[in-house]
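Working notes, structure below.
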Amino acid sequence: MEITILSETSNPLLHRIDVSFLIDHTGATPNRTEVRNNLAATLNKNTDEVIIRNLRTQFGTRKTVGDAKVYENSNFAQTIEHDHILLRNKSTSQEDVEEE
């Protein structure tokens, strides 16, 4: 999976950067956790600071366009984002830790 950043827009009021990106992948569309981890590595951020908003794959292609919000720290992400978006972006390892 190769991620190319298409655009970055600073949003200082919400302490984040809005990022549009393109993913070249082989096989099926990668899941949200894989995309989040790879995008965080590409941007040199922690995965807790990256929130994937949406992923769109056009039928018959191996390219996916997505939008993400990259926060200055995870506290801003927790207070600004809606609960259903945060739940959608949880990895299975985080869910296991919270249940214990």
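The values are calculated or read from the model by the stated rules, or taken from the named source; none is laboratory data. If you're wondering where the values come from, they're calculated on a predicted model, not measured in any experiment. Here the Cβ positions follow ideal geometry from the backbone for every residue, glycine too, while neighbour counts run over all protein chains shown.
For segment 66-91, give me the residue count where each residue is touching a Phe, Trp or Tyr at 6+ places or on another chain (Cβ under 9 Å) and assigned to a strand (DSSP E or B).
Within segment 66-91, residues that are touching a Phe, Trp or Tyr at 6+ places or on another chain (Cβ under 9 Å) and assigned to a strand (DSSP E or B) number 3.
For the list (1) out of contact with any Asp or Glu (no Cβ under 7 Å at 6 or more places or on another chain); (2) modelled with pLDDT of 90 or more; (3) surrounded by 11 or more Cβ atoms within 10 Å (Cβ to Cβ); (4) within 24 Å of Gly27 (Cβ to Cβ), I need the number of the one condition that Glu81 fails.
(4) is the only condition that Glu81 fails.
For His25, work out the one condition from (1) under 20 Å from Ile85 (Cα atoms); (2) crowded, with 16+ Cβ neighbours inside 10 Å it doesn't fulfil.
His25 satisfies all of (1) under 20 Å from Ile85 (Cα atoms); (2) crowded, with 16+ Cβ neighbours inside 10 Å except (1).
Could you grab me the full set of residues in segment 40-68 that are within 13 Å of the chain's Cα centre (by Cα) and among the small types (Gly, Ala, Ser)?
Matches in segment 40-68: Ala40, Ala41, Gly66, Ala68.
Within segment 49-74, which residues are surrounded by fewer than 18 Cβ atoms within 10 Å (Cβ to Cβ) and closer than 17 Å to Asp18 by Cα? Don't jump to the end; show me each part of the working.
Filtering segment 49-74 for residues surrounded by fewer than 18 Cβ atoms within 10 Å (Cβ to Cβ) gives 53-63, 65, 67, 72-74.
Listed by number, the residues that qualify are Arg53, Asn54, Leu55, Arg56, Val65, Asp67, Glu72, Asn73, Ser74.
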